[in-house]
Structure formats: structure tokens, C-alpha cells
Amino acid sequence: MENENCKQTGAPVDENKVRVKVLLFARARELVGGSEVDLDVKEGATTADCVAELTNRFGALEVMRDSIVVALNFDYVTEPVKVKDGDELAIIPPISVNKSQTLGSREKCIGSKLKL
């Protein structure tokens with residue numbers, strides 16, 4: 001039976017897991033079919049582990065896995081960072097621009113992608 005306190009707070013039922021709110025943007029949102037997903041991962045998991053779990057859960061995301069940008073609690077991350085219960089992880093797909101537009105390198109605009 002599910003613990004009522006966990007249900008009310010949105011915390012994972014398994015105390016060895018943490019719940020991360022994943023925010024999906026643009027094409028990632030389309031592939032998953034929604035803009036938010038709650039992801040329960042093992043305590044000690046990193047942002048890279050979360051991305052791996054997302055692509056396992058939503059296979060359609062695999063096509064963009066190597067080109068997404070990840071933000072944890074509003075900060076872009078380029079190295080795996082340990083996640084905590086209640087963290088927000090944003091999945092930002094690559095930005096495509098018209099060839100006539102010059103925004104500079106993608107890294108200059110929004111940071112480097114997460115090294116997986």
C-alpha cells in the first residue's frame with residue numbers, strides 16, 4: 001500500500017530513490033507527448049543517469065540524446081551532476097536556424113552539451 005505522506009508530497013515511495021521533475025522543450029516535448037515527467041532514480045544518480053533513464057523510458061528521445069542541452073535547477077550542466085529529490089531537470093533539444101541567420105556557435109548561445 002502506498003504511503004499517504006509520499007503521495008501528498010510527490011516524493012518517491014521507495015526511500016532509496018529520488019524524484020526529479022523533468023521539463024521537456026520543443027521536439028523533446030513532442031516525442032514524449034508532454035512537457036513534464038516525474039522520474040524516480042536511485043539515490044546518488046546523476047544528470048547523465050537521468051538522461052539515460054529518459055531515453056530508456058521514451059525510446060524516441062534516442063535520436064537527439066547526443067545533441068541535447070541539460071539544465072539542472074536553471075543552471076546549464078556540461079558534466080554529470082548528482083541529482084537530489086525535488087530537483088528540476090530541463091531537456092533542451094538542439095536549436096535549428098535558417099542558414100541565413102547567424103547566431104554564433106551553439107555553445108556560445110546556450111552552453112555546451114552534457115558529456116554522457
- request: Go through segment 17-38 residue by residue and tally those that are within 12 Å of Ala60 (Cβ to Cβ) and out of contact with any Ser or Thr (no Cβ under 7 Å at 6 or more places or on another chain).
  value: 6
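Please go through segment 74-84 and pick out each residue that is loosely packed, with under 15 Cβ neighbours inside 10 Å and under 15 Å from Leu39 (Cβ atoms).
Taking segment 74-84 first, the residues loosely packed, with under 15 Cβ neighbours inside 10 Å are 74-75, 78-79, 82, 84.
Within segment 74-84, Lys82, Lys84 qualify.
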query: Across segment 39-61, what is the number of residues that are within 10 Å of the chain's Cα centre (by Cα) and over 19 Å from Glu79 (Cβ atoms)?
result: 1
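What tally of residues in segment 85-105 results from selecting those that are at pLDDT 90 or above, surrounded by 14 or more Cβ atoms within 10 Å (Cβ to Cβ) and in a loop (DSSP other than H, G, I, E, B)?
Matching residues across segment 85-105 total 3.
The values are calculated or read from the model by the stated rules, or taken from the named source; none is laboratory data. Note that the coordinates shown come from a computational prediction; the quantities given were computed from them, not determined experimentally. Cβ atoms come from the backbone with ideal geometry, glycine included; neighbour counts cover every protein chain shown.
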